[in-house]
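Take a look at the structure set out below.
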């Protein structure tokens, strides 16, 4: 396993931690999303400034093309993806919505093959299906106390559609971010995505009105006690590591590993709430780990040197077609593939 795969698993672990905290905050999805983007943008800006100061490098190096790809990724994956996923939760309940959204790696595999020219061998496809099926089985096996909140009911078919759309947006956002990080560091890419998402959510908050009341509600002390650690783990560290994963490993592999978040959440729920994990959940977890191993061990896109360090891989014809580069271009390589 390379740095991209370890980063993907780290992102999944941080997201599992933050999900426990997000679920205990009594705010609307829009208010949660706005605070998440605001806090994440501020922390990542300080993080990037410190790194640039210590390394003596320029604060922002992304060109217009990278900004375009990353802005599209932020709008697709963070703004649209989160919005439709939250609506799916309201209709289906958290358990069923998470099951539907677990299809993201399948969309990522298809989009990575179409737009990035990433190769998927039959064994990798088998591993993806095993991993995703295991995640879905683990989540579906759990019995939610309140499957459907009933606060904003809707048609069941609409909830399924929005859940699938959320999975697709997550995968599309990953592909777009990968294109934007060809010459852009992951930390800067994360900041750009969050800044775009913050701008979009801030516009929505202002359009919907009652801005002063919303801000007073968000920044209550009892809410900040949960919001700050949740945003630190999930938005800052989680999203940053996800960008590291997307830059250093194929989209299908990174997205599959990051989809393990529900599996990491099982022991956390047991430690916090003493809800025991069934034997079936443990068995499905083992199958998920086996699926991950199949995906990573059969990855033809990740060539290694003798010391295990990934080497540069030339861009395929799909990359050249999308980016407009020619074989003689000095940018005609993918760093840390």
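Residues 20, 282, arranged from fewest to most other Cβ atoms within 10 angstrom of their Cβ, appear as 282, 20. With R₀ set to 41 Å, the beta-carbon distance separating residue 113 from residue 221 gives a calculated FRET efficiency near 0.25.
Most tightly packed first, judged by the mean number of other beta-carbon atoms within 10 Å of their residues, the peptides 247-258, 197-208 read 247-258, 197-208. Put a dot 7 Å past the Cα of residue 49, heading toward its Cβ, do the same for residue 269, and the two dots end up 4.0 nm apart.
Here the label points at residue 42 and residue 213, each 7 Å from Cα along the C-beta direction, are separated by 2.4 nm in the simple model.
Of the residues 212, 36, the one with the fewest other Cβ atoms within 10 Å heads the list, and the complete ranking is 212, 36. A straight chain from residue 155 to residue 297 at 0.36 nm per residue would run longer than the Cα-Cα distance by 46.9 nm.
Length available on full extension from residue 203 to residue 29: 0.36 nm per residue minus the Cα-Cα distance, which gives 61.1 nm.
Compared with the alpha-carbon gap, the fully stretched path from residue 6 to residue 63 is longer by 17.7 nm at 0.36 nm per residue.
Bear in mind these aren't lab numbers, they're just calculated from the coordinates by the rules spelled out. Quantities reported herein were computed from a predicted structural model and do not represent experimental measurements. Backbone-built Cβ (ideal geometry, glycine too); neighbour counts: all protein chains shown.
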